[in-house]
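Some notes on the structure that comes next.
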Amino acid sequence: MRLILKEILFVSKLNQRVAATMFSAAVLSSTICGATMPVLAEGAAPSTTIREIPVFPEVQKTQESMEKVAKLMDEGEKFFAAKNLEKALIKWQEAYGLSIEMRYSEGEGQALTNMARFFLERGQFVKAKYMGENAVEVLGGISDKQLLGRAKVQLARAYFGLDNATGAGEQLDEALKIFTGSNVTNPSDAAEILSVSANLLSRLNKQKEALKFYEQAATFYVQANDTVNAISTRIQIAGILNQLGLFVAANEEAQKAVSQARVSNNTLAMISALTTLANTQYVLAEYANARKTFEQLIGMMQQVDPKKLPASNRGVIDVGYGCCLAATGDLDQARVVLERAIPAVRKSGALATQATAYNTLGIIDEMQGAHARAQQNIQQALDLQNVTAANTPRFKAVLLQNIAAVETRSGDNRNARIHLEQALAIQKKNKDVLLEGRTLSSLAEIQLKLADAAAAEALVKQAIAISEKIKDDAALWRDYTLLARIQFSQEQVAQGKSSLTSALSYFRSPQAGVFPSVEQLSFPSTREDLGQKLVAMCAKEGMSEQALLAAEQLKEEAFSNEWHRRGGLVRPNDRDVYTDLVTLRAHLHAAEASSTPDQLIGEWQNYLGRFRTLVSENKNLARMIAPVPITVMDVMKAVQSRHATIVEYLCGSESTVVFTMDPSGRISSTVLPVGSKRLQSQITALLAPTEGDPAASDQRERGILQALYSELLPASVRNFIPKNPDQMVVIIPDGCLFNLPFAALVDGQGKFLVENHLLTMASSMGVLLDNRPRYADDLSVVITSNNSSGEENQITQNLQPELVTRLTGAAADLNSISEQSRGKAVVHITNSTPLSTNPMRSVFPIASGKGEGNRKVTADRVFEQTIPSDLVLMSATSVNAKDVQGNAIKVFSRGFNYAGARNVMMSLWVEPESVRTHELIEFYKGKQEGLNQAQSLRKAQLLALSKDPSPKSWAAFQLLGPGF
């Protein structure tokens, strides 16, 4: 993605004396002053014979004669612009001869400068040098220093052609001093010369020096009212700042370009500026913002004549948009956009952009478990990168790391080791110590998989030595986790526990948390997977309390990352501090592309200081940004105050860790031999629509529920669960377990779990710790529907009329629901609400509000409202079959908690309306009898299953919250 903008172009209106086309953040072409530069061998004869410089009889220096020289110069310039180089040279030779005869130094020097340009275009750099040096000597004594500056620029070009970078740099520095220190009478002319100079410096890989020229050129373009070229120059500056790793500064330049483009009323210029802005936002890990910018671009492109913005350029923009879609979690849509873009980009020959597209497709494949296809796409990206002219060794190393990660996850550890060793060689050569330390850690992990503990130990110690020097906590927690595994395998228990303690310390660092990326897989195992193994090791070694805190952090990270990348919104009064802290954290992670963590310690301390302040002032908002540290004492206070037993899960690829906490103060941890893949397949089968013989289907479902009971609630867990069916059991699920109807699990005696236990669920430990006081003592209900429904009517008939507020049709709009919910016991949303794989895009069956037409109400808009109630009840939600991670249930419950709801009740599937309505009526009857939410739901479910024991008829509802 960081290379994409190098192929976006728009037509520029440069002065005719300099020429033609500029690229929006472009790779510097060999086109300078409007003509390409064919390189001829020194001394090669041009196609047309160049005549001798004419000799004029002595001419007096008069206004008329000087005007004649100027006319010859202009005529030559026109020939030059038309690429008729020989005729241009003849005119300039005539001007030179006339200037000599009249002793007119300005004309003589200007003619020599122009003749240097001719030889530069011919690739005859020695002759160009001779002309340039003579021009500089002649013009050194005149008052018009800008002519001297132009001569120095052409001399610098000649030196550049002769590989004299030092000489070229000196001439350009002197030219810059002339143009910035003198009274410029023609800012357009000066800007063009400075732009050419900047191009040369950039080609010399002197990006910092080129910045000075571009910045001054931008100022002169503004003075000349040349908005289009001012925009183009700002884009060039942003591109260089990105290359230098100055991403925030690059974003500021892109914002300036957008502001100037908006004033220019030039659609193509605006497209180019917005593309630059989207790129800088992406590089800064502001994925949601970058996506919005690209979507604005897509809309603008539809209004542009294809001849002005051809398919190849649209394809480049599509690649950027596809990357943003993937980064914000819409993987299927991202694949469609990228596959559409690749053919168009291929035709343009934009190899770097093709490599970016294939790499992103590969990572999408890997995230969806298609290892073979992922490897094929990333290998295609590597092949393209190998033939591109761009010098991007870091990108090549990243591609090798990506292939290795895919190979490891598909079991091909030997080839993974080969690819990582190739990446390591590149990183050592380029002194990329950050990636070197991380690659050594990856190699150690692979050697462990290859059962070579000695090699793994040697590698991990090398990794620790490098990563400790640069304070790379993101690598160090992995290193010590791997070292602990090695030490336990060698029965070095004390050393292993010491390594676990070190791993946990680094694990808690905010720098160790990983922001989602569609460019880089980074390590053979994800943070979630290796983190779960760290928790499991702690559990096995009796370090239950430490394991619990690490598990909480891992789960909170997963939620906040999901919330951020999906573009979750917060209330207007929270928005500024939320945006500042989320953006700051994203920028700090992005900065590692150009620096090492030890150089960012001050910035991280600033972030932590601001975050701690927010935790003390608004813990509810802080939990939406990042994990809020908790203690075991905090947890036990919550358990004891509620007289509840908590059962919390953390799922990994190979095992699941379950924690139990009871009011007596006991904490235990157990590692269960069942991984997320098996659990996902079992739960997906449960949620699938019933097909074929109903009796056979019920039998199959019952078998799955019995297996899940045995796997998730072994004796070591059941020993902590109270025998009293009226004592609360709070289940805190993880991943796919959010989609599991725990109430329907079947024990060894054939009883459903709900028959023996009072259940509620919680999306996180933090929800229990921060739970608000009750809002209402009565059963006041706001019930909404997009049309009058049977469910709404029947429930209303069973409640006290004065306590019910009905919002139907257009009256059931977002603002009305927010206003009417204040202090209410229940906000009940009827009508079907399918949950999207992107939870934020799920559409609510309510009206948008006045002045918003038919705009859909999506979940993100609901969560930014204030909905202070004891329970939000959505009676007809259904989980998407592709959401195997349980993200929708988790995000909805957390979103409503943030909006003010104490409890959230929603369905995993839509039960038949008559059955559902009856169950909800019984739920409300329980509330009227003084039961809490958990007790009321249990009573309604027990009554429903007594009529029809099939879980599909009664077990759809999940209650998430404290349950009272």
Averaged across orientations, what area in nm² does the convex hull of the alpha carbons in the range 772-960 project? 10.0 nm²
Rounded, prolate or oblate for the range 924-964? Axes are the square roots of the Cα gyration tensor eigenvalues, ordered a ≥ b ≥ c, and the cut-off for rounded is a/c under 1.5. oblate
If you place +1 on the Cβ of every Lys and Arg and -1 on the Cβ of every Asp and Glu, how big does the dipole about the Cα centre of the range 392-525 come out, in debye to the nearest 20? 200 debye
Say the dipole of the range 772-960 comes from +1 at the beta carbon of Lys and Arg and -1 at that of Asp and Glu; which of H918, L943, F896 then lies farthest toward its positive end? F896
Using alpha carbon centers only, the range 84-115 is separated from the range 239-275 by a whole-angstrom value of 40 Å
DSSP loop (so not H, G, I, E, B), at most 11 other Cβ within 10 Å: list which chymotrypsin sites (Phe, Trp or Tyr not before Pro) in the range 552-629 pass both filters. none
Could you check what % of the DSSP bridge pairs in the chain are antiparallel, to the nearest 5? 40 percent
Calculate the radius of gyration of the Cα atoms of the range 632-769 to one decimal place, then report Dmax, the largest Cα-Cα distance, as a whole number, both in Å. 15.3, 52
Gyration tensor on Cα atoms of the range 352-440, a ≥ b ≥ c root eigenvalues, a/c under 1.5 rounded, else prolate if a/b beats b/c, else oblate, says oblate
Consider all pairwise Cα distances in the chain and report the whole-number % of them above 48 Å. 37 percent
Excluding ligands, DNA and RNA, what is the solvent-accessible area per residue of the chain at a probe of 1.4 Å, expressed in Å²? 39 Å²
Let me know the number of lysine pairs in the range 460-572 closer than 24 Å at the Cα, not counting same-chain pairs under 8 apart. 12
Among 813-820, 741-748, how do they line up from the highest to the lowest mean number of other beta-carbon atoms within 10 Å? 741-748, 813-820
For the chain, the accessible surface attributable to carbon and sulfur atoms (probe 1.4 angstrom, ligands and nucleic acids excluded) amounts in percent to 50 percent
Can you give me the angle between helix 187-203 and the longest principal axis of the chain, using Cα atoms only, in degrees from 0 to 90, rounded to the nearest 10? 70 degrees
Only Lys, Arg (+1) and Asp, Glu (-1) charged, at Cβ; the chain dipole about Cα centre in debye: 240 debye
Could you work out the relative contact order of the range 659-731? I mean the mean sequence separation of Cα pairs under 8 Å and 6+ apart, divided by the number of residues, in percent. 34 percent
Within the chain, helix-based [θ] at 222 nm, where runs of 4 or more DSSP H residues each add -39,500 (n - 2.57), nearest 500: -19500 deg cm²/dmol
Plugging the Cβ-Cβ distance of A881 and Q794 into 1/(1 + (r/R0)^6) at R0 = 25 Å yields, to the nearest 0.05, a FRET efficiency of 0.25
Using per-residue counts of other Cβ atoms within 10 Å, averaged over each peptide, order 476-482, 156-162, 543-549 from highest down. 476-482, 156-162, 543-549
Label-point separation (nm) for K428 and K61, each offset 7 Å from Cα along Cα-to-Cβ? 6.6 nm
Listed peptides 301-307, 945-951 by packing density, highest first (mean Cβ within 10 Å): 945-951, 301-307
Per the rule of 0.36 nm per residue minus the C-alpha distance, extending R718 to E174 adds in nm 187.7 nm
Relative contact order for the range 543-673 using alpha-carbon pairs under 8 Å, separation at least 6, rounded to a whole percent? 24 percent
For the range 319-358, max minus min Cα coordinate along each principal axis, in Å, sorted largest first? 29, 15, 12
Let's test this: bin the Cα-Cα distances of the range 285-391 at 5 Å from zero up to the farthest pair and state each bin's percent. 2, 14, 21, 23, 20, 13, 6, 1, 0
Where trypsin sites (Lys or Arg not before Pro) fall in DSSP loop in the range 841-919, at most 14 other Cβ within 10 Å: K850, R855, K856, K882
Normalised by the number of residues in the chain, what is the relative contact order in percent for Cα pairs under 8 Å and 6+ residues apart? 6 percent
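The values are calculated or read from the model by the stated rules, or taken from the named source; none is laboratory data. This is a predicted model, so every value here is computed, not measured. No Cβ is skipped: glycine too gets one built from the backbone with ideal geometry, and neighbour counts run over all protein chains shown. Just the protein is used for accessible areas: all its heavy atoms, side chains included, with ligands, DNA and RNA removed. Shrake-Rupley method; radii C 1.70, N 1.55, O 1.52, S 1.80 Å.
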